[in-house]
Amino acid sequence: MKIEIWSDFVCPFCYIGKRRLEEALEHFPGKQVDVVYKSFELDPNAERNTGRNMHEKLAAKYGRSMEEAREMTQNMTEQAKIVGLDFRFDSVVPTNTFDAHRVSQLANEKGVGKAFAERFFKAVLTDGKDIGDHETITTLAVEVGLDRDAVVSVLEGSDYTEAVRREEAEAQKIGVQGVPFFVINRKYAVSGAQPTEVFVQGLEKAFAEEEQTPAFEDLSSESGAACTEDGCEVPGEENK
(Lines give C-alpha, C1' and ligand atoms only; values in the text may rest on other atoms or scores of the structure.)
Protein backbone atom coordinates (compact mmCIF):
# COMPACT_ATOMS: atom_id res chain seq x y z
CA MET A 1 0.00 0.00 0.00
CA LYS A 2 1.12 3.52 -0.75
CA ILE A 3 0.05 6.60 1.17
CA GLU A 4 0.95 10.03 -0.23
CA ILE A 5 0.73 13.01 2.10
CA TRP A 6 0.71 16.62 0.94
CA SER A 7 1.77 18.85 3.83
CA ASP A 8 3.74 21.92 4.89
CA PHE A 9 6.20 21.94 7.78
CA VAL A 10 4.69 25.05 9.38
CA CYS A 11 1.22 23.48 9.42
CA PRO A 12 0.17 22.41 12.96
CA PHE A 13 -2.62 20.16 11.75
CA CYS A 14 -0.21 18.43 9.36
CA TYR A 15 1.86 17.28 12.34
CA ILE A 16 -1.25 16.24 14.26
CA GLY A 17 -2.56 14.39 11.20
CA LYS A 18 0.79 12.64 10.81
CA ARG A 19 0.54 11.30 14.34
CA ARG A 20 -3.05 10.18 13.91
CA LEU A 21 -2.15 8.28 10.74
CA GLU A 22 0.73 6.63 12.60
CA GLU A 23 -1.65 5.64 15.39
CA ALA A 24 -3.98 4.13 12.79
CA LEU A 25 -1.17 2.16 11.15
CA GLU A 26 -0.43 0.54 14.51
CA HIS A 27 -3.72 -1.34 14.08
CA PHE A 28 -2.22 -3.17 11.09
CA PRO A 29 1.02 -4.80 12.27
CA GLY A 30 2.90 -6.62 9.56
CA LYS A 31 1.29 -4.72 6.71
CA GLN A 32 3.64 -3.17 4.19
CA VAL A 33 2.92 0.55 3.80
CA ASP A 34 4.98 3.04 1.83
CA VAL A 35 4.40 6.55 3.20
CA VAL A 36 5.59 9.40 0.98
CA TYR A 37 5.55 13.08 1.98
CA LYS A 38 4.86 15.55 -0.83
CA SER A 39 5.44 19.27 -1.04
CA PHE A 40 2.77 21.91 -0.44
CA GLU A 41 3.38 25.55 0.50
CA LEU A 42 0.62 27.16 2.53
CA ASP A 43 2.04 30.58 1.69
CA PRO A 44 4.46 30.56 -1.25
CA ASN A 45 4.96 34.30 -0.83
CA ALA A 46 5.81 34.13 2.87
CA GLU A 47 8.82 36.13 3.95
CA ARG A 48 11.70 34.50 5.71
CA ASN A 49 12.06 35.16 9.43
CA THR A 50 10.50 38.54 10.16
CA GLY A 51 11.41 38.47 13.84
CA ARG A 52 7.80 37.79 14.89
CA ASN A 53 6.49 34.61 16.49
CA MET A 54 3.25 32.94 15.45
CA HIS A 55 1.08 34.76 18.00
CA GLU A 56 2.45 38.11 16.88
CA LYS A 57 1.79 37.21 13.26
CA LEU A 58 -1.79 36.13 13.98
CA ALA A 59 -2.47 39.25 16.06
CA ALA A 60 -1.25 41.49 13.25
CA LYS A 61 -3.02 39.53 10.51
CA TYR A 62 -6.44 39.46 12.18
CA GLY A 63 -6.24 42.66 14.19
CA ARG A 64 -6.38 40.82 17.50
CA SER A 65 -4.64 41.22 20.82
CA MET A 66 -1.86 38.86 21.81
CA GLU A 67 -4.20 37.19 24.29
CA GLU A 68 -6.78 36.62 21.58
CA ALA A 69 -4.08 35.24 19.30
CA ARG A 70 -3.09 32.76 21.99
CA GLU A 71 -6.70 31.67 22.33
CA MET A 72 -6.74 30.98 18.58
CA THR A 73 -3.93 28.42 18.95
CA GLN A 74 -5.09 26.88 22.22
CA ASN A 75 -7.29 24.27 20.54
CA MET A 76 -4.41 23.09 18.35
CA THR A 77 -2.15 22.89 21.38
CA GLU A 78 -4.66 20.71 23.22
CA GLN A 79 -5.18 18.42 20.23
CA ALA A 80 -1.42 18.08 19.91
CA LYS A 81 -1.09 16.99 23.54
CA ILE A 82 -3.56 14.16 22.98
CA VAL A 83 -1.25 12.59 20.38
CA GLY A 84 1.91 13.27 22.38
CA LEU A 85 3.06 16.48 20.70
CA ASP A 86 4.22 19.64 22.43
CA PHE A 87 3.34 22.73 20.43
CA ARG A 88 5.04 25.95 21.53
CA PHE A 89 3.50 28.72 19.46
CA ASP A 90 5.31 31.47 21.35
CA SER A 91 8.55 30.24 19.80
CA VAL A 92 7.26 29.20 16.34
CA VAL A 93 9.06 31.16 13.60
CA PRO A 94 6.79 31.99 10.62
CA THR A 95 8.95 31.69 7.52
CA ASN A 96 9.16 30.60 3.89
CA THR A 97 9.34 26.81 3.47
CA PHE A 98 10.25 26.49 -0.20
CA ASP A 99 13.93 25.63 0.29
CA ALA A 100 13.05 23.14 3.02
CA HIS A 101 10.73 21.44 0.55
CA ARG A 102 13.48 21.32 -2.05
CA VAL A 103 15.76 19.52 0.39
CA SER A 104 12.89 17.21 1.34
CA GLN A 105 12.94 15.99 -2.26
CA LEU A 106 16.58 14.99 -1.78
CA ALA A 107 15.60 13.26 1.45
CA ASN A 108 12.94 11.25 -0.39
CA GLU A 109 15.50 10.19 -2.98
CA LYS A 110 17.88 9.03 -0.25
CA GLY A 111 15.20 7.06 1.60
CA VAL A 112 14.94 9.33 4.66
CA GLY A 113 11.86 11.29 3.69
CA LYS A 114 9.79 10.21 6.70
CA ALA A 115 12.57 11.03 9.15
CA PHE A 116 13.05 14.39 7.43
CA ALA A 117 9.36 15.27 7.75
CA GLU A 118 9.29 14.32 11.42
CA ARG A 119 12.39 16.35 12.23
CA PHE A 120 11.21 19.44 10.40
CA PHE A 121 7.72 19.40 11.93
CA LYS A 122 9.27 19.15 15.39
CA ALA A 123 11.87 21.80 14.55
CA VAL A 124 9.16 24.32 13.69
CA LEU A 125 6.34 23.53 16.10
CA THR A 126 8.28 22.46 19.19
CA ASP A 127 11.88 23.63 18.89
CA GLY A 128 11.28 27.10 17.47
CA LYS A 129 13.70 26.67 14.56
CA ASP A 130 13.70 28.93 11.51
CA ILE A 131 13.52 26.49 8.60
CA GLY A 132 13.82 29.34 6.13
CA ASP A 133 17.43 29.74 7.21
CA HIS A 134 19.86 27.71 5.10
CA GLU A 135 22.22 26.81 7.92
CA THR A 136 19.30 25.59 10.02
CA ILE A 137 17.99 23.50 7.12
CA THR A 138 21.45 22.02 6.61
CA THR A 139 21.94 21.15 10.27
CA LEU A 140 18.53 19.48 10.55
CA ALA A 141 18.98 17.60 7.27
CA VAL A 142 22.34 16.24 8.39
CA GLU A 143 20.70 15.04 11.62
CA VAL A 144 18.46 12.69 9.60
CA GLY A 145 21.34 11.33 7.55
CA LEU A 146 21.79 13.57 4.54
CA ASP A 147 25.26 14.56 3.38
CA ARG A 148 26.11 18.14 4.32
CA ASP A 149 27.77 18.94 0.99
CA ALA A 150 24.81 17.58 -0.93
CA VAL A 151 22.39 19.70 1.08
CA VAL A 152 24.50 22.83 0.67
CA SER A 153 24.67 22.19 -3.07
CA VAL A 154 20.86 22.04 -3.27
CA LEU A 155 20.42 25.20 -1.25
CA GLU A 156 23.01 27.18 -3.22
CA GLY A 157 21.41 26.23 -6.53
CA SER A 158 17.96 25.51 -7.92
CA ASP A 159 17.88 21.71 -7.70
CA TYR A 160 14.45 20.17 -7.05
CA THR A 161 12.60 23.38 -7.82
CA GLU A 162 10.69 21.64 -10.59
CA ALA A 163 9.99 18.63 -8.36
CA VAL A 164 8.39 20.84 -5.73
CA ARG A 165 6.36 22.74 -8.33
CA ARG A 166 5.28 19.48 -9.95
CA GLU A 167 3.94 18.11 -6.66
CA GLU A 168 2.15 21.36 -5.91
CA ALA A 169 0.59 21.31 -9.39
CA GLU A 170 -0.43 17.71 -8.84
CA ALA A 171 -2.12 18.71 -5.59
CA GLN A 172 -4.08 21.38 -7.42
CA LYS A 173 -5.03 18.92 -10.15
CA ILE A 174 -6.52 16.40 -7.72
CA GLY A 175 -8.39 19.10 -5.85
CA VAL A 176 -6.34 19.66 -2.72
CA GLN A 177 -7.74 22.76 -1.02
CA GLY A 178 -5.73 22.53 2.19
CA VAL A 179 -3.32 20.31 4.07
CA PRO A 180 -2.76 17.74 5.35
CA PHE A 181 -4.19 15.74 2.47
CA PHE A 182 -3.75 11.97 2.40
CA VAL A 183 -4.17 9.77 -0.69
CA ILE A 184 -4.34 6.02 -0.13
CA ASN A 185 -3.45 3.79 -3.09
CA ARG A 186 -4.43 6.60 -5.44
CA LYS A 187 -8.07 5.75 -4.74
CA TYR A 188 -9.09 7.03 -1.30
CA ALA A 189 -8.53 10.52 0.06
CA VAL A 190 -8.57 11.85 3.61
CA SER A 191 -8.59 15.62 3.98
CA GLY A 192 -7.39 17.25 7.18
CA ALA A 193 -6.24 15.89 10.53
CA GLN A 194 -9.16 13.51 10.86
CA PRO A 195 -9.70 11.42 14.02
CA THR A 196 -7.59 8.27 14.16
CA GLU A 197 -10.74 6.17 13.66
CA VAL A 198 -11.29 7.72 10.24
CA PHE A 199 -7.81 6.67 9.15
CA VAL A 200 -8.38 3.17 10.54
CA GLN A 201 -11.59 2.80 8.56
CA GLY A 202 -9.93 4.02 5.37
CA LEU A 203 -6.98 1.68 5.80
CA GLU A 204 -9.27 -1.28 6.53
CA LYS A 205 -11.15 -0.63 3.31
CA ALA A 206 -7.98 -0.26 1.28
CA PHE A 207 -6.33 -3.38 2.73
CA ALA A 208 -9.50 -5.43 2.20
CA GLU A 209 -9.67 -4.28 -1.39
CA GLU A 210 -6.03 -5.19 -1.96
CA GLU A 211 -6.67 -8.72 -0.67
CA GLN A 212 -9.77 -9.23 -2.79
CA THR A 213 -8.59 -7.63 -6.03
CA PRO A 214 -6.07 -9.48 -8.22
CA ALA A 215 -2.90 -7.65 -9.14
CA PHE A 216 -4.26 -7.27 -12.67
CA GLU A 217 -7.34 -8.10 -14.70
CA ASP A 218 -6.75 -10.89 -17.20
CA LEU A 219 -8.05 -9.76 -20.61
CA SER A 220 -6.64 -12.73 -22.51
CA SER A 221 -8.68 -14.76 -25.00
CA GLU A 222 -8.26 -18.44 -25.79
CA SER A 223 -6.61 -17.59 -29.11
CA GLY A 224 -3.40 -16.30 -27.62
CA ALA A 225 -0.35 -18.44 -28.32
CA ALA A 226 2.11 -18.98 -25.48
CA CYS A 227 5.11 -21.00 -24.42
CA THR A 228 5.62 -22.75 -21.08
CA GLU A 229 8.35 -25.00 -19.70
CA ASP A 230 6.55 -27.89 -21.40
CA GLY A 231 6.81 -26.31 -24.84
CA CYS A 232 4.88 -24.01 -27.14
CA GLU A 233 1.24 -24.60 -27.90
CA VAL A 234 -0.42 -23.21 -31.03
CA PRO A 235 -4.10 -22.36 -30.48
CA GLY A 236 -6.35 -24.86 -32.19
CA GLU A 237 -3.67 -27.51 -32.72
CA GLU A 238 -4.95 -29.55 -29.80
CA ASN A 239 -8.21 -30.20 -31.69
CA LYS A 240 -6.51 -31.65 -34.79
Exercise. Taking the condition in contact (Cβ under 8 Å) with a residue 60 or more places away in the chain, among the charged types (D, E, K, R) and either farther than 25 Å from residue 143 by Cβ or assigned to a loop (DSSP other than H, G, I, E, B) (or both), does residue 68 pass?
Worked result: no
For this session: Would you be able to say whether some residue in region 10-30 is surrounded by 14 or more Cβ atoms within 10 Å (Cβ to Cβ) and touching a Pro at 6+ places or on another chain (Cβ under 6 Å)?
Result: yes
Exercise. Taking the stated definitions as given, is residue 59 aliphatic (A, V, I, L, M) and part of a helix (DSSP H, G or I)?
Worked result: yes
Problem set entry | The listed residue being under 12 Å from the mean Cα position of the chain (by Cα) and part of a helix (DSSP H, G or I), out of 105, 74 | 105
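Are any of the residues in region 125-136 among the basic types (Lys, Arg), surrounded by 16 or more Cβ atoms within 10 Å (Cβ to Cβ) and closer than 23 Å to residue 3 by Cβ? Spell out how you get there, then give the answer.
Step one: of region 125-136, the residues among the basic types (Lys, Arg) are 129.
Next cut, surrounded by 16 or more Cβ atoms within 10 Å (Cβ to Cβ) only: 129.
Next, only the ones that are closer than 23 Å to residue 3 by Cβ stay: none.
No: zero hits.
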Exercise. Restricting attention to region 138-161, which residues are in a helix (DSSP H, G or I) and loosely packed, with under 12 Cβ neighbours inside 10 Å?
Worked result: 148, 149, 156
Seminar exercise, completed: Those residues of region 171-183 which are in contact (Cβ under 8 Å) with a residue 12 or more places away in the chain, over 17 Å from residue 19 (Cβ atoms) and either touching an Asp or Glu at 6+ places or on another chain (Cβ under 9 Å) or not aliphatic (A, V, I, L, M) (or both) amount to 176, 177, 178, 183
Problem set entry | Which numbered condition residue 174 fails, given (1) closer than 22 Å to residue 48 by Cα; (2) open to solvent by 60 Å² or more (accessible area, probe 1.4 Å) | (1)
Problem set entry | Count of residues meeting criterion [open to solvent by 60 Å² or more (accessible area, probe 1.4 Å) and either in contact with a strand residue (DSSP E or B) (Cβ under 8 Å, 6 or more places away or on another chain) or touching a residue at least 24 places away in the same chain (Cβ under 8 Å) (or both)] in region 185-196 | 5
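The values are calculated or read from the model by the stated rules, or taken from the named source; none is laboratory data. What you see is a predicted model; the values in this text were computed from it and never measured. Note: ideal-geometry Cβ built from the backbone for every residue, glycine included; neighbour counts use all protein chains shown. Ligands, DNA and RNA are excluded from the accessible area calculation, which covers all protein heavy atoms including side chains. Shrake-Rupley method; radii C 1.70, N 1.55, O 1.52, S 1.80 Å.
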